[in-house]
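Following: one structure in structure tokens, then a few remarks.
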């Protein structure tokens with residue numbers, strides 16, 4: 001019961017508390033909290049159109065959350081998924097500049113692979129700095145994300161810029177044959193399937209393979225892993241590479257399925273939202289799937305809040321921030337031992353006989 005409470009009830013309570021606090025926040029803005037909660041649900045899950053927007057946003061969240069979750073299983077706190085995502089999108093859009101790609105599924109796979117490799121290489125830098133130079137990976141990965149965004153803007157606005165993109169600098173659009181469409185004619189692109197497969201595949205790898213178990217051992221106790229002869233440095237770099245590849249793939253999918261070219265629209269904060277999704281899922285790849293759908297729904301409901309209630313589209317960021325703070329705070333409760341009998345049954349004062357026996361024992 002304690003494990004079930006800690007694993008499921010605490011995150012659910014944190015989200016509920018975040019919604020309550022968000023209701024107080026909008027109440028100060030003169031908007032009914034009940035109207036906001038109903039609109040949030042309708043904008044996220046109210047009809048098929050809302051579901052399509054939600055699942056479209058959930059796809060990159062799943063992949064960027066993996067960039068946090070997999071290194072976390074190796075004991076690292078990497079929060080640079082935004083940098084891996086934008087470089088993945090840039091590599092995807094830049095590959096046709098240097099190679100003549102087949103105009104078929106193979107070409108699409110090649111541009112997506114280029115994005116995954118770019119994200120993997122960039123995230124490995126943070127892991128290598130940690131293992132070989134002792135530099136804190138949280139700070140280095142965050143700073144590397146800002147460096148990646150700077151490199152992205154330089155390339156898009158400079159050497160890779162399409163001369164026809166006047167008001168919004170972009171790379172040349174991908175050929176139609178390299179793009180991926182919706183699933184069964186819907187607006188939900190195949191990136192959602194890639195995100196689900198990545199979460200399931202990495203979850204199985206961590207749970208049922210020797211290398212995945214070794215990564216968990218390194219994350220649990222680095223000293224013990226070294227004593228039993230595990231290659232700790234290689235396992236840490238492997239975890240960073242896999243996580244970065246997922247985030248890079250997210251950027252590539254955004255290019256081939258949504259934007260058709262690399263431009264500033266890629267810098268949408270999916271990498272930072274992925275941090276929240278990963279912590280909410282307790283860095284478990286399978287649990288990332290429903291959490292990403294939930295927060296994808298919050299993002300999809302932002303425009304509906306603006307149209308119907310007059311709230312800014314970015315107000316959902318306040319909700320995400322509140323959820324993040326409360327989820328982090330709830331981690332402290334996981335370490336406590338919960339005695340359900342003490343919570344549910346009335347407290348009894350010790351009798352005089354019990355006090356006397358205690359005195360004798362003392």
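For the reader, a short list of remarks on this structure follows.
- Condition met for residue 156 (surrounded by fewer than 18 Cβ atoms within 10 Å (Cβ to Cβ) and either farther than 28 Å from residue 276 by Cβ or touching a residue at least 24 places away in the same chain (Cβ under 8 Å) (or both)): no
- Single residue of 172, 238 found to be at pLDDT below 95, in contact with a helix residue (DSSP H, G or I) (Cβ under 8 Å, 6 or more places away or on another chain), closer than 30 Å to residue 155 by Cα and surrounded by 18 or more Cβ atoms within 10 Å (Cβ to Cβ): 172
- Every pair of residues 6+ apart whose Cβ atoms lie under 6 Å, when the first sits in segment 213-227 and is free of Cβ contacts under 8 Å to residues at least 24 places away in the same chain while the second is surrounded by 14 or more Cβ atoms within 10 Å (Cβ to Cβ) and not in a helix (DSSP H, G or I): 214/230
- Residue within segment 107-114 that is in contact with a helix residue (DSSP H, G or I) (Cβ under 8 Å, 6 or more places away or on another chain), closer than 19 Å to residue 272 by Cα and crowded, with 19+ Cβ neighbours inside 10 Å present: no
- Residue in segment 134-142 that is within 19 Å of residue 191 (Cα to Cα), touching a residue at least 40 places away in the same chain (Cβ under 8 Å) and part of a helix (DSSP H, G or I) present: no
- Matching residues, segment 64-106, being in a helix (DSSP H, G or I), touching a helix residue (DSSP H, G or I) at 6+ places or on another chain (Cβ under 6 Å) and more than 17 Å from residue 241 (Cα to Cα): 90, 92, 93, 95
- Some residue of segment 38-49 being under 30 Å from residue 154 (Cβ atoms) and part of a helix (DSSP H, G or I): no
Residues checked against (1) under 22 Å from residue 112 (Cα atoms); (2) more than 14 Å from the chain's Cα centre (by Cα); (3) surrounded by fewer than 22 Cβ atoms within 10 Å (Cβ to Cβ):
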site: 22; (1), (2), (3): no, yes, no
site: 25; (1), (2), (3): no, yes, yes
site: 41; (1), (2), (3): no, yes, yes
site: 45; (1), (2), (3): no, yes, yes
site: 49; (1), (2), (3): no, yes, yes
site: 60; (1), (2), (3): yes, no, no
site: 70; (1), (2), (3): yes, no, no
site: 75; (1), (2), (3): no, yes, yes
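- Only one of 52, 56 that is in contact with a strand residue (DSSP E or B) (Cβ under 7 Å, 6 or more places away or on another chain) and closer than 30 Å to residue 303 by Cβ: 56
The values are calculated or read from the model by the stated rules, or taken from the named source; none is laboratory data. In this text the structure is predicted, and so the values were computed from the model without any measurement. All Cβ positions, even for glycine, are placed from backbone atoms using ideal geometry, and neighbour counts span all protein chains on display.
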